[in-house]
Structures are given as C-alpha cells and as structure tokens.
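The values are calculated or read from the model by the stated rules, or taken from the named source; none is laboratory data. Because the structure is predicted, anything quoted here is derived from the model rather than measured. Cβ coordinates were reconstructed from backbone atoms using ideal geometry, including for glycine residues, and neighbour counts include every protein chain displayed. Heavy atoms of the whole protein, side chains included, go into the accessibility calculation; ligands, DNA and RNA do not. Shrake-Rupley method; radii C 1.70, N 1.55, O 1.52, S 1.80 Å.
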Amino acid sequence: MTNCTNCSSCTFLTLDEQILLYDVKYWMEGVIQLSLAVIGVTTNLVSIYVLSRKELVNTFNQLLIALAIFDILYLVIAFLDSLGQVFLPFYSGHVPAWYFLLTPYLLYPCKAISLTCSIFMMVSIGVERYMAVYYPFSRIPLIGSGGSKNRCFNKRLFVYIFPVIFFSIILNIFKFLESKVKMEEGSVKLEIQEIRYDPTYLTVNIWVRFIVLGALPVGAIISLNCCIYWAVRRARMERGGEQPGGGGTGKRKEVEMKRIVPSMRKTAQLTAAYSGNRWNLRLRNKKLREDPIDL
C-alpha cells in the first residue's frame, strides 16, 4: 500500500519517481530500521545480563554495561522516530499527534544526546583500558575493608561515566530550542524555530559536531589502542628475553623493568599487609593506653 501524501512537494520529480522514493523510504527507514532497532535492543539486553553476573563485576565490564544502556536508549528513540515519521504515516496517510508532541522535547534532542553518550563512552572505555595497563596500582584501594572497596569502585565508575553524560547534554543543549509544538485549529503542529535556519548556528554546529564527535574521538581511540598494543607487545617481548627497541636502549629498559617490577610487587604486598593489620594495630595501641605495661 502506497499513500504518498507529501509527494506534491517534490516538484523536481515525476509522480512515479516520488512514489518509488516513498516506497524506498518505507522499507529503509521504516521496516529495516525498526527491525534493526529490535535486534539491537535485544542483543544489548543479553549483554547487560551476561556482564552483570557477580563473577564478572569489574570496572571494564560495568563501563560496557553503561555503553549498552546508551545504545539501548538510542535504539528505542530511533524506533519511535521511525514508527511515527515513516511506518505509521505510510498506512494512515498522516503523522500521529504523539510524534509531534514528543519530537521537540524528547525524540530529537535525546536522540542526539544518546548518540553522543555512546561515542564518548567508547573513548572513556579506551581511557580506562589505558589506565589499567600503564597505571595498574592506581586501581588498588588503600584500605582493605569491603565497604571502602565498594566506595572506591563506585567512585571510579562515576569518574568515567559522569563526564560522558554531562558533556553530552552540554553539547546538545540547543537541540531543545530548535523546534516547538504549536496548536492550530485543534490539531498539533511542529514549528521549526529561527535558530534552526541561522547560517552561523548551522556552520558552527556542523564543525563542532564533526570535530568533537568525529575527529577527536577517532584520534583518541586510535592513539589509546596503539599505546595499549605497544605496552602489551613490549611486555611479551621482555618476558621472551627480546629487546623491544633494539640496541643498548632496549637492554637498559629491560634491566630497569626487572628492577622495578619486583619492587612494585613488594610495595603491593606491604600495602596489603598494612591495610589488613592497621585495625588490629589500633586496637593494640588502645589497649596499651588503657592498661600500660612496665618495661
């Protein structure tokens, strides 16, 4: 069934071409996009279920869960967008009123925010992997109690997730000002605001989104993964007795690593012993103050 109510606006196309274009839009932006959204939401829910198991709880997996949640939000909004803009109008001949009501305040801005969150979250995961490889001891809590570990773990998640949400909202805050709902003769209309037609705003918006959502994230992810790859490769070569850089420099680095690693392990052991025995030491000091022993 083809119900092309807006075909008259395409004056540079013949009627047959307009109908063909409308049919292609129905299958591409309607049926296929709705199907992919359902599949994407389902697979992300399965991923969240698997990664949330108790034995898999760590910072990296929790960040993957956050990424899956952002992807689900984007897919749900894309599903509603395709449903109200393409799929339902194809059969009814008009856009439903709920689509006009949700677009300026939910669908349009939140779709951009969720997409930005997904992009920034991938960068945040890359930073977390970089920190885990280059600064592994920064992830060890100083106090050995379970509550402190949980607080340290939650604080680490907050550091990686909150900036993603905050900067995503700031970057897309003007999306809420680009359109509004207007009532005309008992029907709901969507009115585009003047800011959406401003050439300066459009130019700045295009370049900012290209740099912040395109060039910088891609460059950051490539750089972080190259650093991680080199660190892992160098560690493997050192374990195998090879020189990663060649010549005397590589040999000196190997000797330095052999000196540093045992000392780092010893430091970790002393930290763990100190954290585990500090409470007992406090109790002993308190007892000695209450009941001193003559030496």
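Restricting to the stretch 1-21, count the residues that are hydrophobic (A, V, I, L, M, F, W, C), surrounded by 12 or more Cβ atoms within 10 Å (Cβ to Cβ) and either at pLDDT below 85 or under 30 Å from the mean Cα position of the chain (by Cα) (or both).
Start the filter on the stretch 1-21 by keeping residues that are hydrophobic (A, V, I, L, M, F, W, C), which leaves 1, 4, 7, 10, 12-13, 15, 19-21.
Filter again for surrounded by 12 or more Cβ atoms within 10 Å (Cβ to Cβ), leaving 4, 7, 10, 13, 19-21.
Filter again for either at pLDDT below 85 or under 30 Å from the mean Cα position of the chain (by Cα) (or both), leaving 4, 7, 10, 13, 19.
Qualifying residue count, the stretch 1-21: 5.
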For this session: Tell me which residues, restricted to the stretch 22-49, are open to solvent by 60 Å² or more (accessible area, probe 1.4 Å) and farther than 24 Å from Ser168 by Cβ.
Result: Val24, Lys25, Trp27, Met28, Glu29, Ile32, Val38, Ile39, Thr42, Val46, Tyr49
Exercise. Does Gln193 meet the test of being within 28 Å of Gly84 (Cα to Cα) and either out of contact with any helix residue (DSSP H, G or I) (no Cβ under 9 Å at 6 or more places or on another chain) or modelled with pLDDT under 95 (or both)?
Worked result: yes
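Ser168 - would you say it is of a type in the set (Gly, Ala, Ser) and touching a Pro at 6+ places or on another chain (Cβ under 8 Å)? Please lay out each step first, then the result.
On the way: of a type in the set (Gly, Ala, Ser): yes; touching a Pro at 6+ places or on another chain (Cβ under 8 Å): no.
Against the criterion (of a type in the set (Gly, Ala, Ser) and touching a Pro at 6+ places or on another chain (Cβ under 8 Å)), Ser168 does not qualify.
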Exercise. Considering only residues of the stretch 93-111 that are open to solvent by 60 Å² or more (accessible area, probe 1.4 Å) and more than 27 Å from the chain's Cα centre (by Cα), which is farthest from Ile169 (Cα to Cα)?
Worked result: His94
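Looking at Gly84, Gly146, which is the one that is at pLDDT 90 or above, among the small types (Gly, Ala, Ser) and more than 25 Å from the chain's Cα centre (by Cα)?
Of the residues listed, the single one that is at pLDDT 90 or above, among the small types (Gly, Ala, Ser) and more than 25 Å from the chain's Cα centre (by Cα) is Gly84.
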Exercise. Taking the stretch 217-231 as the region of interest, how many residues are open to solvent by 50 Å² or more (accessible area, probe 1.4 Å) and either free of Cβ contacts under 8 Å to residues at least 40 places away in the same chain or touching an Asp or Glu at 6+ places or on another chain (Cβ under 6 Å) (or both)?
Worked result: 6
